[in-house]
Every structure is written in C-alpha cells, then in structure tokens.
1. Based only on other Cβ atoms within 10 Å, what is the fewest-to-most ordering of E75, E148?
2. Output the relative contact order of segment 39-155, whole-number percent, from Cα pairs under 8 angstrom with separation of 6+ residues.
3. At 0.36 nm per residue, and after removing the present C-alpha to C-alpha distance, how many nm does the segment from A131 to T64 gain when stretched out fully?
4. Answer rounded, prolate or oblate for segment 116-155, using the Cα gyration tensor with square roots of eigenvalues a ≥ b ≥ c: rounded when a/c is under 1.5, else prolate when a/b is larger than b/c, else oblate.
5. Once R0 is set to 25 Å, what does the formula 1/(1 + (r/R0)^6) return for the Cβ-Cβ distance between K147 and T38, expressed as a FRET efficiency to the nearest 0.05?
6. How much length would be gained if the chain were fully extended between S140 and V56, taking 0.36 nm per residue of separation minus their Cα-Cα distance, in nm to one decimal?
7. What does the charge count near T51 come to, summing +1 for each Lys or Arg and -1 for each Asp or Glu among other residues with Cβ under 13 Å from its Cβ?
Amino acid sequence: MTQRFLSILSAVALSAILAAPTPSRATSIKDLNYLVGTWNCASGHQKYTQTWAYVVAGAYLRGTDNGAGMHSAAEHTITVAKDGSTVNGVDLFPGGMDVMRGTGSSGQATLHAVFPPQMNTHVVFHRTSAAKYTVDVSGSERGKAFKEHSVCTKA
C-alpha cells in the first residue's frame, strides 16, 4: 500500500508541473514558477503536502512530500527538455525510483512512466483554477490494477 501510494504521489507531483500557463506546453523550467511553494493534497484517505523549490541554479524544480500517516516521504526532481517538448522527472522514494515523461497544455496534461520498464502508470491532469488541480492516476502495480483521484490546492 505504501509503495503504491508513493507511486501515486510521484505521478501527482509530476503531473502538477505540466500545468504551466503557456499556450501549448511548458517551454522552460521558469514557466513552472507557479508551482514554487506548498500545496495541500488529498488522495482517498491520505493527506499530504508537497513543497517545491528551484535547485541546481534554477535548472530543476524539486518537490518533497510529507504528511501525517505517511510511512515515508518522496522526492521529485523535474526539468523541461531544452526544446520545450517534454517534461522529464525522477521520483525517489524508499526502496525505489521511477522516471516519468509527459506533455500537455495549461488546462490538461498526460504523462507516463518510462522507467522501470515494468511500471505501468498513466496520469491525466486537469487544472481547475490558478490554485487547484485534480489528477487521475491509473495503471497496475505488481499485477494489480489501480485508479486514484487526487485534489491539490495552493497553501
């Protein structure tokens, strides 16, 4: 349960970065400035915060998840490809990691896991306002299908 929840947190975090207010896609990491700060999120019975800040001379954004009842935290590091075509991220959590890639607009985005090869996670992001978004995550982990719905609001 904890590993699946952390995988979902990772997907939520990475889908959040695809919400940059640009005409068709994020063109640089600076387009994601709105994400800097703290977000309050809930998925099912889990509540947590995500705190985002620029790192490595502003070339990356790093997000850290924390919450009551969580057995461990997760960390997400993301950047935008030089040509602006994709957002790339690495999620770290106890006992594992994943790599995700996505594209999208300011209103809707999709992403998927590209590593490890057996990870089958798909995410649909909907930005509902400047301070709120929802994320629907589906896929399978260890042969078992899952679907989750998360809501995050700016703190």
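Where a number appears in this text, it was derived from the coordinates with a stated rule and is not lab data. Because the structure is predicted, anything quoted here is derived from the model rather than measured. As a convention, Cβ positions derive from the backbone with ideal geometry for all residues, glycine included, and neighbour counts pool all protein chains shown.
1. Ordered by Cβ neighbours within 10 Å, fewest first: E75, E148.
2. Once divided by the residue count of segment 39-155, the mean separation gives 18 percent.
3. Stretched fully, the A131-T64 segment lengthens by 22.3 nm.
4. Verdict is prolate for segment 116-155.
5. Taking R0 as 25 Å, the efficiency between K147 and T38 is 0.40.
6. 26.9 nm
7. Net local charge, T51 excluded: 0.
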